[in-house]
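Down below is the structure, laid out as C-alpha cells.
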There are 2 protein chains.
Amino acid sequence: METVGRLAGVSQVTVSRALNDPKKVSANTLKRIQDAIELTGYVPNMVAGALASKRSQLIAALVPSITNVIYSDLMQNFIDVIRGSGYHVLMAETGFSQEEEQAVLSTMLSRRPDGILLTGIHHSAGCKRMLLGAGIPVVEVWDTTESPIDVCIGFSHIRAGEEMAQFAFERGYRNAIAVSAGDERALRRKDAFCARFAKLTGTRPDAICFESGATIERGRNGLARAIDSGFRNGLVMCSSDLLAHGVLIEAQSRSISVPGDIAVMGFGNQDFSAFTLPALTTVDINRKHLGAQAAEALVARIGNQELPEKCIDVGFQIIPRASA
Amino acid sequence: METVGRLAGVSQVTVSRALNDPKKVSANTLKRIQDAIELTGYVPNMVAGALASKRSQLIAALVPSITNVIYSDLMQNFIDVIRGSGYHVLMAETGFSQEEEQAVLSTMLSRRPDGILLTGIHHSAGCKRMLLGAGIPVVEVWDTTESPIDVCIGFSHIRAGEEMAQFAFERGYRNAIAVSAGDERALRRKDAFCARFAKLTGTRPDAICFESGATIERGRNGLARAIDSGFRNGLVMCSSDLLAHGVLIEAQSRSISVPGDIAVMGFGNQDFSAFTLPALTTVDINRKHLGAQAAEALVARIGNQELPEKCIDVGFQIIPRASA
DNA sequence: TTGTACGCGTTATCAG
DNA sequence: CTGATAACGCGTACAA
C-alpha cells in the first residue's frame, strides 16, 4: 500500500480508503491509485486488514460430511450467497460426532470468523461455551428447535417421519419396515415414522439400522436383510434416497416388483430420484433455498440485525412418484 | 496472551513459546501457563499470528464443483491430511471456467495462503501470473503435464480414453458410441477413446455431449438419443459412472439387455458402481490416495523440499465388471 | 530458560 | 478530501 501510494503521489491511508470506501476519495486521485495498483499488481492483505478491523470476513461452516450430496448441495448455495456478500468460507467436516465438532470448532475459532454455520441442533456443552465466548452469530441448519444458540433454519425431522407414515397409511400400506443410516437425524425420522405407523396400523415396523452413512450398497443390503427376516410385502421406509435406490436395485435383482410387491420411500429428493425405475417417492427439502437463507440470515446477524424469528421452519414436501 | 502471561507470572512471549514450541519452556512454567489458559478460556488468534510470522497456515483449494463426488471425495482426504499438518483449507468452487477460477483465485490470494491446490492443468494467463507473483507452492491435481506451474499429480486422460477403447476392442466390441459431460477433461477422454477406437476398428464412434455436468438423468437421456439416432448394438462409453448408471436404467426401462444388446463403460468407480444392475465396468482412480498425496506434496513444498518428480502420474485401472 | 523491543500490513481516530 | 499516529495480537531477533 505504501508503494502504491508513492506511485500515486498519496499516502498509504488514502490507498486504504480508495479500496474500502472509494467515494471518500476524489475521482482524480482514485484514478491514479487504481492505475498504480494495476501497475504494481498489488494484492490487498486481508489478514492485516482483519487484525486491524477485527472483522475477518470469514465464515466457518461445519458440516457432517462433504461427500454427502445432502450437505454439499446445501453448502454450494450457502457459499455462493455468502461470497456475494464479500465473505470467504472456512469449511470443515465434523463426521457426525460431537467430539469432532468441538475439536474442529476450537481450531476454527482461532481464525476469528465473523459468523458460524453449524449443522444440527445437538452440540456439546463445550461447543456452546466456546460459541458464547466467541460472541459471534451462529446459524444452525437442517433441524428446528425452540432454543437455538442464536438462530436456526431447518425442518422438523419428527414431523417428516410422521408424515411419511401418514402418507404410507393413506396409500393403503399396513405393513412396513424401516431402513436407516446411523446418524442421529435419520434415526429420529425413523423413530417418528415407526411410532406413527404403529399408532395408525397397530403394528410397529421393524427397523434395520446401519452404523454409518447411506450408500446404495447398504440399501441393497438392507432389503436383503429385510427379506431374510421374513419381510415380503409392504412399504420400505428409507432414511435417504441413496438407501432407497439400493433397495430398488436389490428388488430388481430378486425380481421383486415395485410397487407391486413392495413399495419404497426415500428421503431427500436427490437429482436422480425422479429417474430411477420406478421413480422414487420421496421427501423434498429445498436445500438450495435453505443454504441461501442460512447465508442471508448469517449476514444479517453479522450486521447486528434481529431476525423476525429465532427459528425458521422451511418445511418439507412429500413427492409422490411410482415407487410408493 | 498478555493476560494469560500475567496470570502465570510470565511475559507474553513466554506464553507464545509455550504454545508454539512447548519444549522451549520449563515444565514448571508450562504447567502454570496451561492452567492460566484453561482458566481464562484463551483462544489463540491465528490472524495476528499469521501477520507476524508471514505464515497463514491456510491452503486455498479450487475445485470445479463441490457437489460432484469425484471432487468432494478427493477433497475429503486432502483436507484430512492437510489438517493433520496444522493447516486450514479455504475451499472454493470454480465451476469449470477459467474466468471464474481467476476471479476466485484473486480474492483467495488476499488471504495469503501458504499453498494452493488447483484442479486441472489449464489455467488463464492471469492466473499463472498471480500465482507466480504470490510465490507459493502450487499443486495441480487430476491431470498430468510436462510443464506444471509447480508440481502436478494426476493421470493422463488421453491414455485413459485410449485404454478404454483398447479394452472395448479386446472384449470384442466393434461398434461404439460415446456419451460425455461437457467439461474439458471428460471431452479429452471421449476424444481419445473415439480416436483409438476408430484406429482399431475402422469406424469412428458417434458422440453425444452435454453442455454441463453428469447426472443420471442425462445418462438416461443420452441412451435415448443414441437409440433415436439408430444405435442398437455395441458399447456405450460414458465419461462418468453417473452417466453410465443412467444408461443402465434407461436400458432397463426399454428392456434392452446389458451386456447382451449393449455394453456400458463408466469412469470414476464410484461407491455405487459395483452395485448397479449389472455391475458397472469402469475406470478406477484412487481418489483418496490422490487427495492425500496432493496434501503431502503441498506440505513438503511449503517446507521448501524439492520433490523427486515435478509430475506424479498416479495412473488408473480398468475395473471389468458385468456391464461390458 | 526467559524477557525486551520491534515489526507484520492494515484500519480507526483524529486533526488539518 | 487527505494525512499523521496509534492500535490490532502475535512472532522473531537479540539480549540477559
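The values are calculated or read from the model by the stated rules, or taken from the named source; none is laboratory data. Remember, it's a predicted structure, so these values are computed and weren't measured experimentally. Cβ placement follows ideal geometry from the backbone for every residue including glycine, while neighbour counts extend to all protein chains displayed. Ligands, DNA and RNA are stripped out before the accessible areas are found, and what is left, the full protein with its side chains, is counted by its heavy atoms. Shrake-Rupley method; radii C 1.70, N 1.55, O 1.52, S 1.80 Å.
Note on the range A:66-87: among residues that are aliphatic (A, V, I, L, M) and closer than 16 Å to B:Glu93 by Cα, the one that is surrounded by the fewest Cβ atoms within 10 Å (Cβ to Cβ) is A:Val81. Looking only at the range B:72-100, residues that are free of Cβ contacts under 8 Å to residues at least 60 places away in the same chain, farther than 22 Å from A:Cys127 by Cα and outside any strand (DSSP E or B) come to 7 in all. Restricting attention to the range A:26-46 and to residues that are of a type outside the set (A, V, I, L, M) and either within 9 Å of DNA strand D (Cβ to nearest atom) or farther than 21 Å from B:Leu109 by Cβ (or both), the residue that is least open to solvent (accessible area, probe 1.4 Å) turns out to be A:Thr29. Determine, yes or no, whether A:Lys23 is exposed (fewer than 12 other Cβ atoms within 10 Å of the Cβ), near DNA strand D (Cβ under 9 Å from one of its atoms) and modelled with pLDDT under 95. Yes. One residue stands out in the range B:101-133 among those that are part of a loop (DSSP other than H, G, I, E, B) and small (Gly, Ala, Ser): the one that is nearest to the chain's Cα centre (by Cα), namely B:Gly120. Of the residues making up the range B:52-65, those that are within 16 Å of DNA strand D (Cβ to nearest atom) and either crowded, with 21+ Cβ neighbours inside 10 Å or within 8 Å of chain A (Cβ to nearest Cβ) (or both) number 2. Here B:Thr14 passes the criteria (1) within 12 Å of DNA strand D (Cβ to nearest atom); (2) within 14 Å of another protein chain (Cβ to nearest Cβ); (3) open to solvent by less than 50 Å² (accessible area, probe 1.4 Å); (4) not small (Gly, Ala, Ser) except the one numbered (2). Residues of the range A:139-158 that are closer than 15 Å to A:Leu307 by Cβ, in contact (Cβ under 8 Å) with a residue 40 or more places away in the chain and buried (at least 23 other Cβ atoms within 10 Å of the Cβ): A:Val139, A:Val141, A:Cys152, A:Ile153, A:Gly154. Is it the case that B:Val264 is surrounded by 24 or more Cβ atoms within 10 Å (Cβ to Cβ) and in the same structural domain as B:Ile177 (by TED's automatic domain parsing)? Yes, satisfied.
Evaluating A:Ile136 against the criteria (1) part of a helix (DSSP H, G or I); (2) of a type in the set (Val, Ile, Thr); (3) touching a residue at least 12 places away in the same chain (Cβ under 8 Å) leaves one unmet condition, (1). Of the residues B:Gly5, B:Gly49, the single one that is open to solvent by less than 40 Å² (accessible area, probe 1.4 Å), over 43 Å from the mean Cα position of the chain (by Cα), within 12 Å of DNA strand D (Cβ to nearest atom) and under 22 Å from A:Arg112 (Cα atoms) is B:Gly5. Tallying residues that are within 19 Å of B:Pro137 (Cβ to Cβ) and crowded, with 17+ Cβ neighbours inside 10 Å within the range B:301-324 yields 5. Inside the range B:66-83, residues that are within 22 Å of B:Ser212 (Cα to Cα) and within 8 Å of chain A (Cβ to nearest Cβ) make up a count of 6. Just one of the numbered conditions (1) more than 9 Å from DNA strand C (Cβ to nearest atom); (2) outside the structural domain of B:Val139 (by TED's automatic domain parsing) is not true of B:Ala60: (2).
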